[in-house]
Structures are given as C-alpha cells and as structure tokens.
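Scroll down for the structure; my scribbles are underneath it.
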Amino acid sequence: MTAALRLPALHASHAGTWLRDGNGATRGVSKGEAVTAAADTPLLLLNAPLVANRLGYPDLSGLDLLELFAFVHPARFAVPTPKGLAHALGIEEPASDDAIPAFLQTAAGHLIATCEADDWPEREGAWSTLQSLMRLRWPWAQVLLPYVRKPEKAERWLFARLPEWEEAPERPQPSLALIEEAEVEARLARLTGEAAERREGQRLYAREAGSVFAPRATRGVPHVLLAQAGTGIGKTLGYLAPASVWAERSGGTVWVSTFTKNLQRQLRRESARAWPAARTDGSRPVVVRKGRENYLCLLNLEDALQGGFGGRAAILAHLVARWAAFSQDGDMIGGDLPGWLGTLFRKRGIAALTDQRGECVYAGCPHYRKCFIEHAARASAQADLVIANHALVMVNAARGRDHAQRPTRIVFDEGHHVFEAADSTFAAVLTGAEAIELRRWIVGPEKQSRGRRRGLAARLADIASYDEAGGKAIEAALTAAQALPSDGWLQRLHDGTPHGPVEALLGAVRATTYARDESGGQEAGYGIETEAAALDGPVVELAAQAASALAAIRSPLLRLGGRLEAILADPPDWLDGQGRARIEGARHSLSWRCDLLAAWEALLDRLGGPGDPEFVDWLAVERSDTREFDVGLHRHWLDPMKPFAHVVLEPAHGVMLTSATLKDGPDWDAAIARSGASHIEVAPRLIEAESPFDYAKRAEVLIVTDVPRGDIPALAGAYGRIVEACGGGVLGLFTAIRRLRAVHGRIADRLARSGLPLYSQHVDPIDTGTLVDIFRDDPMASLLGTDALRDGVDVPGHSLRCVVMEQVPWPRPTILHRARRAAGGGSAYDDRIIRARLAQAFGRLIRSKDDSGHFVVLSSAFPSRLLSAFPPGTPVLRLTLDEALQRLSDARCGVDGPRIDADAAPQEGRPEAT
C-alpha cells in the first residue's frame, strides 16, 4: 500500500472546514483558523481557488493536488473533486467531509509513488520540466525532486518531440455514389451491434438521412432535409450510418456540425464505430475541427516559457507544455486539457496561450510544421468525417482557403442553433475591441513579444524588399492603420480625449447611447443600446470621417493582395515552399480583412440615411458587473438565413438540419423558415422520428403557482426545499445571473450541512464544462446555471432527476429581438422562442429509457399556450409549492426512482401551439 504524504491537509466546503496535521489528527476548525494555518505553512489542498472561495480568502495558496495531477498525468481526465480524484487514481474515495484531509495525504502519496515507478507512462520530459518549475518556486517542486529521477540521456525539448505534418495532394472530388436504403440499414445494424434493440424510429431516420447524399440534380439546388428526432432515437448513429457508406463509396468528406463541445466529444466517441482510429498510412479518417482560438499556439507557448509569463502564469505555461507533449490534438478548450487547469491560476493564462485572432504568422513561425492548427486543417482536407461547429462551417464556406475546405455534404446537428450561429457569423460589428485587433494585425502589438515577428512589415519583410509596389502598399497600410484605436482607447473615451477618427466615433457612440438610455440606471450590470437612427449631425459627420479612414486602410491592403498574387504567379528563385505557404496565408488573411473593412464602411455609410429593411442597426455599450469593456456599432441581418442560404446551402450538394427541438409543436413553418431553404427556392424534405421514451410514466411537469415573482427570499426558499426533497440531483436554470447568485448565497451552506453540495455558474471559480462533470459524477450534488446549461448538457441517470426553472424564459427585449418580433408575428414569435427554450430545458431531464424525474417551473401565471413545448402525454400539474414538494418526496424512494402515477393528479390540457 502506498504511504500517505505526511504534510498538513485542509478541506473546506459549505458544510465546514477540517484540518489534518502531519501526525494524522483531524479536527474541525473555523475559517479564521484555516486561513492562519494556510498562511503559516503550505497545506495540501484540492482546487485552491474553490477552497479560497469557501474561506473568503482570495490569496490562499498551497500544495494543490490538481496541479500535481496535471504534472504527473497530463492529458488525463479527472473530475476535480475528492471522489473524482479517487476514481482517476484507482483508490478508495473518502466517506465523508471530515475524511477528506486524510484522503488528500493518501492521494498525494499515490501520485508521488507514480513518479518513482518504472512504468510511469508520462515520464518523458518530467525531469526537465521539474528543473524549470524549481526555478519558478512551484510549491510541489521541492516535494517531487527526490522522486523524479534524472534520465540517463538528455531529454528532447518539447518542440523537438512534436511530430511534423506532411504535405499531401488535394483530395480528388468525390466520385458519383448512389447509396441504397438497404446499405444504410445494414451499416446501421453494424454500428448499433447485433444485440442492440431494433428501433424502427432510428431506422426510418437513417434511411431519410441517406437522401442528402444523393447526387444533386441542379446547380445551386442542394438536397435539404429537416429531421426532428426526439431524445432517445439515436440520431448520431442514424446519420453516421449513411455518411460512412457515402464517404467509403465516394471518397468524399462529410462535415458534421455541432453547437456544443459536449456533442463534439460524443461524436468523436461514436464515430469510432464507423471508422478506425487511423488508416493504414497513419492518416486519420475522423478529424475534429474548431476555431483557431481553441488551439495551443506553440509560438505563444515558447514566448511564455522564455520569460513572457511571470509568477504563477509561468508555472501554468510549463504545465501546459507538459500537456502539449501528450495531447491528442492541442485543443485547449473542450479537448484533452483539463478544463479546471486554467482556473487554478485565476488569470486568463489559457487564453493568452491559444492562437489569437490576427496574430498568426503562418509559415513565418519556427513551429509552423508542428502547429496543431495546421495539423488539424491538413488532416481535415484528407478526412472522411470532419466534426466541426456551426460557426467554423459557415466561415469555411464563406472564406475557405481552398476547395477541399469548403463543405458540400453537411449535417447540422443541434440544428435549432443554426439561426443564432448564422446571426453571429454574418453580422458586422465595429467596436473598439474589433478595431484594435485589426490594428495589431497590421502594425503589430504595441508591446513586442520576445523575438516575435508581428505586423505586416515584419511578416512580409522579404516581399517588401523584393517588390517595390508591395513594399509601398505595406507602408501605406501601416500609416493608415494609425487611425485605428490603440491600447488605452477605452480610458480615453472615459476621459473625453479620443485619438483618431475611429476613437472619436466610438466616443460619440458611447455618449449617444448613454444619453438615450431609459433604464434610469436600474440595469447598471448590463449593457445598454440604442437604435442607430435619428443621429445628430456631428455623429454622422464623425461616421463619415471614420469610414474614410477605413477606406484608406483597405485600399493599400487590396493593392498588397494583388502584388502577392503576382509574386505567386511569377515566383522569384528564392521563394521556397515555406515562403509560398506564408504568402498564401497572408493572402487569405488580407482577403477576409478587406471584406471586414468593406462591411464596416457599409455600416457607417448608411448612418444618417434611410434604413435598410434587411438589416437591424444599433449602438451599444457592453458592460459586465458595471464595468465597461466595449463600445461600438452593430449591424445584423433581419433574417440571417438569407446569407446562410447563399453562402452555405447554395454551393452544397446535401444539407441536413436535425435536432430534438427543430419544429414548434406540429408546425414545420418556423423550422423551414429558419433553415434558409426558401431563400434559394428549395422545398426541404421533412421527417419526424418521435422519442421512444414513455414520458407519461417517466416524467411530470409541475407548475408551482405560489412563489411570488421578484421575491428573492421566497425563490431561494423554494430552491432549497426542492433540492432537499429530491435529495440532490437538481439542475436549476435561471434567466438572470443576479438572481442565481442571490439564491446560491442563501441556500448553499444549509444544503451542504445536509450532505447536499450545491455548485453554481458565475459563483464557483470553475469552468462550465467541469461543473457539469462534477454534477454528473455526484448524485447528491445540484447545479445552478444560466443559458449554457439549458441546452447541450447530457447527464443521464440518477445524477439529474429534477430540472427547475425560476420563471418562464421570456426573450430579452433587445432592439434586434424587437425588430424580428415585429417581422415574425408579434407575440406568436415570442411564444415560439419560449416553447423552444422550454423544450430544450425539458430535454435535459430524460436522457435514457430508465430515467425519470420532474420538471418544475416556478411561475404563478404560466400560459397554457406554452404547454405544447412538452412531449405529448407528459402530465402537467398546477399546484402549490408544498404540494409539489410532497410529489418530489414521494418519488424519492430508490436509486432509479419510481414510475410516476399519471392518475395521481389531473393532467392539464395542452392545446396546440398558437
């Protein structure tokens, strides 16, 4: 048995605080005693920021076992709780809170023993990293030093160990492939397994999904399928079956697009049934693609390791370097980097290590051939299946660097989010934050990184010296870019001293927005906005000056793009493969930044003129907790599916949109409108596969009528009593962060003393993905959150047995919503949004055939017209809180829960959607 590490250990929760000394004595202590002990000597802790939050002592530090785990087992998953750590290490979990300090000592001893073991799989690089961490005075370094032996020969540096990508010829166009329904059903049977239950709904769904892979009959007219698939249909394998048959037969690439990282992870797992992990030549048939900002930038990491980061951030950089050597694909956001690692260091260190927009130097980077982003991009060009997200698919369709990256067979899973993804992708947003990014791309950062070649002049120095016209274009762009905001722009707006025409415009936007604000200061924690109409003459004049300044930037960039094309067409002798790749990358960046500038100019040119009925324009000041962080002008399409139709649908051959909440009740009209098909005169094929779950016996909707709206003590009391009645397993959904925090603050301690831990977004210093992992792992835990938890969270089984909504999820009355509401049918438009949100939230409850539970809405006046959001046959009861608590308590009589007796109370009628 591994010896425990005999160092003092501390555990703090809402239920209390316990301290164990090195001699093995554990005692309960006050928060003050715990803080004093932690200040005197380093203590063993688990998740120091969370413990600090519990103690109210933000400067708490010590020997955090999560940091030790990240060093010993980089790229390995662990839920950051005592139970989760015990499972990850294969040791016994603590039985109670007061046993946790002793467990921390045991877990630390186990991890240290791993470092001594000959079969430690992550030994490579550990000794070298530890020497660097010693110099940074990492608390664990002195403890580990005797146990991590020096290798017999020098270890290779991280950047020498990473594999290089290889150039490959462009994949041929897909061959003509006609797939039959029998082939699809046979493939589905193989994927689900012979012993699997035969599900007619899934078979129907798979057959229909195969229709989008048929040859296109007319250019610009793709096959479009809208497929509503209730929870439990098995839609992932349902569309992977025809996708894998088509890819195998045609040699083409299928793109599956998601909205949440959870579904991307699920798809990666499920796709292993259809494709091997690697082909015989070592290439990957399945590739996960995300935006550049998700991946580790090796150049940023090198800067951080060589002095760009200081203090705790430098320690984070070395732990990330350990991870990078073992990572599957370098994905830092939702990949195999533990989501909790960045939160341990309380700063935005993770974001600083990812690829920042506009900073990539492509082939000018010394790590270009090992770049994780370039690996993923090249692998996706050769893949059978690319798992991406909605935004990336749309961007690739609009700005694909080559034909291989433009998707032509696409499955949009979580298809109900395509509208909002298109809304964001095709919007024009001219804000200080966006403008300063453009400046940094052209000029370079005002504080240069160590050895970093930034800005156009640095990246294209050889081109400037070779091509006189190109050099002059670069100089002109650098001069013109001085008109863009620079560091400190927001403070200058506050002081009334803007610098340059764009900052001057932003200052006028800020002043106008505050002048027109009608909230009376009541919404101080939120952003404010006003319509971009009836603007004063001086504001319009400033807009014209800013537009001229932007045009002066775009003109030399266009000339530079032309010169780069000429150089590629007639290359000089010295231009090698890497130089050509660098110029191609620069051309790509120039193209979309010229498009961005053109969109900004168009936005400004229309200020003061007649409005365009296809667009909604407004001014906004973005705020968070009373702190301003951005100011700018916004233009959104009234119907963003119009550009989506022309950019994504029209060039495609087959597109499928699928979701459990695609349509509104029995009505397909809204789903068809939000697919974009009508804009290219395509009549989409429609299919609905109903859920196999027996909602009438497995679920109840309880509408609680006696919790007054706006009464925070009553709301908190209701949540606390519901969690107690259910014995945990509650997912609480809020429409306002303020109310969420208020409720959590009132009930967390009381629940914890009853053995019912409560976690919360916007309160606990833990990322959302990790909070869901903790919630899933502990059936006694409950979780409070906002919109991010309403959709895409998959917690099957006993860990989630009750969903509580604090009120009806009314849409926020923004300028954009008001315009779309007027165009979409007024209150009927609102009702469709609300029913969709209710359906998505209800979908968290029943995830498998054995699940059961309650969906509770704390609303004294829940409109009956919204009840069609719930599956047909689901019992709906209006009752008091006490009556609801009795039903919840009655249901709590076993691990799996009882079947709910639908006859125990009258079911409210659920009229069709209006």
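Residue check, LEU299 against (1) in contact with a Cys (Cβ under 6 Å, 6 or more places away or on another chain); (2) within 26 Å of GLY769 (Cβ to Cβ), all met but one. Which one?
If we test LEU299 against (1) in contact with a Cys (Cβ under 6 Å, 6 or more places away or on another chain); (2) within 26 Å of GLY769 (Cβ to Cβ), just (2) comes out false.
Considering only segment 819-848, how many residues are within 23 Å of PHE615 (Cα to Cα) and of a type in the set (A, V, I, L, M, F, W, C)?
Number satisfying all stated conditions: 5.
Would you mind telling me which numbered condition in (1) in contact (Cβ under 8 Å) with a residue 40 or more places away in the chain; (2) farther than 30 Å from GLY415 by Cβ; (3) within 24 Å of the chain's Cα centre (by Cα) ALA313 fails?
Result: ALA313 fails condition (1) only.
Hey, could you check segment 476-493 for residues that are without any contact (Cβ under 8 Å) to a residue 24 or more places away in the chain and part of a helix (DSSP H, G or I) and say which is surrounded by the most Cβ atoms within 10 Å (Cβ to Cβ)?
Applying the first criterion (without any contact (Cβ under 8 Å) to a residue 24 or more places away in the chain) to segment 476-493 yields 479, 488, 491-492.
Still in the running and part of a helix (DSSP H, G or I): 479, 491-492.
Details: THR479: 13, GLN491: 9, ARG492: 20.
Among residues in segment 476-493 that are without any contact (Cβ under 8 Å) to a residue 24 or more places away in the chain and part of a helix (DSSP H, G or I), the one surrounded by the most Cβ atoms within 10 Å (Cβ to Cβ) is ARG492.
Given the residues GLN264, GLN328, which is the only one that is assigned to a loop (DSSP other than H, G, I, E, B), in contact (Cβ under 8 Å) with a residue 24 or more places away in the chain and out of contact with any helix residue (DSSP H, G or I) (no Cβ under 9 Å at 6 or more places or on another chain)? Explain how you work it out, then say what you get.
On the way: GLN264 fails: assigned to a loop (DSSP other than H, G, I, E, B).
Every option except GLN328 fails the conditions.
Determine, yes or no, whether SER244 is surrounded by fewer than 21 Cβ atoms within 10 Å (Cβ to Cβ) and either closer than 28 Å to ASP667 by Cα or among the hydroxyl-bearing types (Ser, Thr, Tyr) (or both). Steps first, answer last, please.
Values: surrounded by fewer than 21 Cβ atoms within 10 Å (Cβ to Cβ): no; either closer than 28 Å to ASP667 by Cα or among the hydroxyl-bearing types (Ser, Thr, Tyr) (or both): yes.
Against the criterion (surrounded by fewer than 21 Cβ atoms within 10 Å (Cβ to Cβ) and either closer than 28 Å to ASP667 by Cα or among the hydroxyl-bearing types (Ser, Thr, Tyr) (or both)), SER244 does not qualify.
Would you check if GLU152 is within 30 Å of GLY577 (Cβ to Cβ) and exposed (fewer than 10 other Cβ atoms within 10 Å of the Cβ)? Before the answer, list the steps.
Numbers: within 30 Å of GLY577 (Cβ to Cβ): no; exposed (fewer than 10 other Cβ atoms within 10 Å of the Cβ): yes.
Taking the combined requirement at face value, the residue does not satisfy it.
Please enumerate the residues belonging to segment 215-228 that are closer than 23 Å to ALA182 by Cβ, more than 29 Å from the chain's Cα centre (by Cα) and either modelled with pLDDT of 95 or more or charged (D, E, K, R) (or both).
Within segment 215-228, ARG216, HIS223 qualify.
From the list VAL72, VAL35, pick out the single residue that is more than 13 Å from GLN105 (Cα to Cα) and at pLDDT 95 or above.
Values: VAL35 fails: at pLDDT 95 or above.
That would be VAL72, the only listed residue that is more than 13 Å from GLN105 (Cα to Cα) and at pLDDT 95 or above.
Can you give me the number of residues within segment 1-25 that are surrounded by fewer than 17 Cβ atoms within 10 Å (Cβ to Cβ) and either of a type in the set (Asp, Glu) or modelled with pLDDT of 95 or more (or both)?
1
Among the residues of segment 215-253, what is the count of those that are among the aliphatic types (A, V, I, L, M) and under 20 Å from ARG171 (Cα atoms)? Working first, answer last.
If we filter segment 215-253 for residues that are among the aliphatic types (A, V, I, L, M), which is where we start, we get 217, 221, 224-227, 229, 233, 237, 240-241, 243, 245, 247.
The next check asks that each one be under 20 Å from ARG171 (Cα atoms); those that pass are 243, 245, 247.
Residues in segment 215-253 being among the aliphatic types (A, V, I, L, M) and under 20 Å from ARG171 (Cα atoms): 3 in total.
Could you tell me whether segment 622-630 includes any residue that is within 30 Å of ALA511 (Cα to Cα) and without any contact (Cβ under 8 Å) to a residue 40 or more places away in the chain?
Yes.
Tell me which residues, restricted to segment 881-900, are modelled with pLDDT of 95 or more and loosely packed, with under 13 Cβ neighbours inside 10 Å.
ASP882
Against the definition (surrounded by fewer than 17 Cβ atoms within 10 Å (Cβ to Cβ), within 28 Å of HIS375 (Cβ to Cβ) and charged (D, E, K, R)), how does GLU181 come out, yes or no? Quick ask: steps written out before the conclusion?
Numbers: surrounded by fewer than 17 Cβ atoms within 10 Å (Cβ to Cβ): yes; within 28 Å of HIS375 (Cβ to Cβ): no; charged (D, E, K, R): yes.
So GLU181 does not fit the description; no.
Could you tell me whether segment 276-290 includes any residue that is under 19 Å from the mean Cα position of the chain (by Cα) and hydrophobic (A, V, I, L, M, F, W, C)? Before the answer, list the steps.
Residues of segment 276-290 that are under 19 Å from the mean Cα position of the chain (by Cα), as a first pass: 287-290.
This time we only want the ones that are hydrophobic (A, V, I, L, M, F, W, C), so: 287-288.
Checked against the condition, which is being under 19 Å from the mean Cα position of the chain (by Cα) and hydrophobic (A, V, I, L, M, F, W, C), segment 276-290 yields at least one hit.
How many residues are surrounded by 17 or more Cβ atoms within 10 Å (Cβ to Cβ) and under 16 Å from THR231 (Cβ atoms) when one looks only at segment 795-834?
Of the residues in segment 795-834, 4 are surrounded by 17 or more Cβ atoms within 10 Å (Cβ to Cβ) and under 16 Å from THR231 (Cβ atoms).
When you scan segment 136-144, do you find a residue that is free of Cβ contacts under 8 Å to residues at least 60 places away in the same chain, exposed (fewer than 12 other Cβ atoms within 10 Å of the Cβ), part of a loop (DSSP other than H, G, I, E, B) and more than 35 Å from the chain's Cα centre (by Cα), even just one?
There is no residue in segment 136-144 that is free of Cβ contacts under 8 Å to residues at least 60 places away in the same chain, exposed (fewer than 12 other Cβ atoms within 10 Å of the Cβ), part of a loop (DSSP other than H, G, I, E, B) and more than 35 Å from the chain's Cα centre (by Cα).
Just one of (1) assigned to a helix (DSSP H, G or I); (2) aromatic (Phe, Trp, Tyr); (3) surrounded by fewer than 16 Cβ atoms within 10 Å (Cβ to Cβ) trips up PHE77, so point out which.
(1)
Residues to consider are VAL35, VAL51; find the one that is closer than 22 Å to ASP764 by Cβ, assigned to a helix (DSSP H, G or I) and touching a residue at least 40 places away in the same chain (Cβ under 8 Å). Can you show your working first?
Numbers: VAL35 fails: touching a residue at least 40 places away in the same chain (Cβ under 8 Å).
Checking each option against the conditions leaves just VAL51.
Return the residue satisfying two criteria in turn: it lies in segment 339-396 and is of a type in the set (Ser, Thr, Tyr) and either assigned to a helix (DSSP H, G or I) or farther than 30 Å from SER61 by Cα (or both), and of such residues it is modelled with the lowest pLDDT. Working first, answer last.
Taking segment 339-396 and keeping what is of a type in the set (Ser, Thr, Tyr), we get 343, 354, 362, 368, 380.
Within this subset, residues satisfying the condition of being either assigned to a helix (DSSP H, G or I) or farther than 30 Å from SER61 by Cα (or both) are 343, 362, 368, 380.
Numbers: THR343: 91, TYR362: 74, TYR368: 86, SER380: 91.
Applying the filter and picking the extreme gives TYR362.
Can you pull out every residue in segment 259-294 that is within 16 Å of GLU414 (Cβ to Cβ), touching a strand residue (DSSP E or B) at 6+ places or on another chain (Cβ under 6 Å) and of a type in the set (S, T, N, Q)?
GLN264
Could you check segment 566-602 and list, in sequence order, the residues that are among the small types (Gly, Ala, Ser) and closer than 22 Å to GLU167 by Cα? Talk me through it step by step, then tell me what you get.
To start, the set of residues in segment 566-602 that are among the small types (Gly, Ala, Ser) comprises 566, 569, 577, 579, 581, 585-586, 589, 591, 598-599, 602.
Those that are among the small types (Gly, Ala, Ser) and closer than 22 Å to GLU167 by Cα: ALA569, GLY577, GLY579, ALA581, GLY585, ALA586, SER589.
Out of the residues in segment 273-290 that are within 13 Å of GLN382 (Cβ to Cβ) and among the charged types (D, E, K, R), which is surrounded by the most Cβ atoms within 10 Å (Cβ to Cβ)?
The selected residue is ARG289.
Those residues that are touching a helix residue (DSSP H, G or I) at 6+ places or on another chain (Cβ under 6 Å) and among the basic types (Lys, Arg), I need them from segment 128-162; list them, please.
Within segment 128-162, LYS150 is the sole residue that qualifies.
For ASP617, only one of the following conditions fails: (1) part of a strand (DSSP E or B); (2) closer than 30 Å to PRO174 by Cα. What is its number?
Going through (1) part of a strand (DSSP E or B); (2) closer than 30 Å to PRO174 by Cα one by one, ASP617 breaks only (2).
Against the condition of a type in the set (S, T, N, Q), outside any loop (DSSP other than H, G, I, E, B), closer than 28 Å to GLN840 by Cβ and modelled with pLDDT of 95 or more, how does SER244 come out, does it pass? Before you say what the answer is, go through the steps one by one.
Working: of a type in the set (S, T, N, Q): yes; outside any loop (DSSP other than H, G, I, E, B): yes; closer than 28 Å to GLN840 by Cβ: no; modelled with pLDDT of 95 or more: yes.
No.
Pick from VAL320, VAL212: which is aliphatic (A, V, I, L, M), crowded, with 17+ Cβ neighbours inside 10 Å, more than 27 Å from the chain's Cα centre (by Cα) and assigned to a helix (DSSP H, G or I)? Give the derivation first.
On the way: VAL320 fails: more than 27 Å from the chain's Cα centre (by Cα).
Matching residue, one of VAL320, VAL212: VAL212.
For VAL221, which of the numbered conditions (1) free of Cβ contacts under 8 Å to residues at least 24 places away in the same chain; (2) β-branched (Val, Ile, Thr); (3) within 23 Å of ALA670 (Cβ to Cβ) fails to hold?
With (1) free of Cβ contacts under 8 Å to residues at least 24 places away in the same chain; (2) β-branched (Val, Ile, Thr); (3) within 23 Å of ALA670 (Cβ to Cβ) applied to VAL221, the lone miss is (1).
The values are calculated or read from the model by the stated rules, or taken from the named source; none is laboratory data. This is a predicted model, so every value here is computed, not measured. No Cβ is skipped: glycine too gets one built from the backbone with ideal geometry, and neighbour counts run over all protein chains shown.
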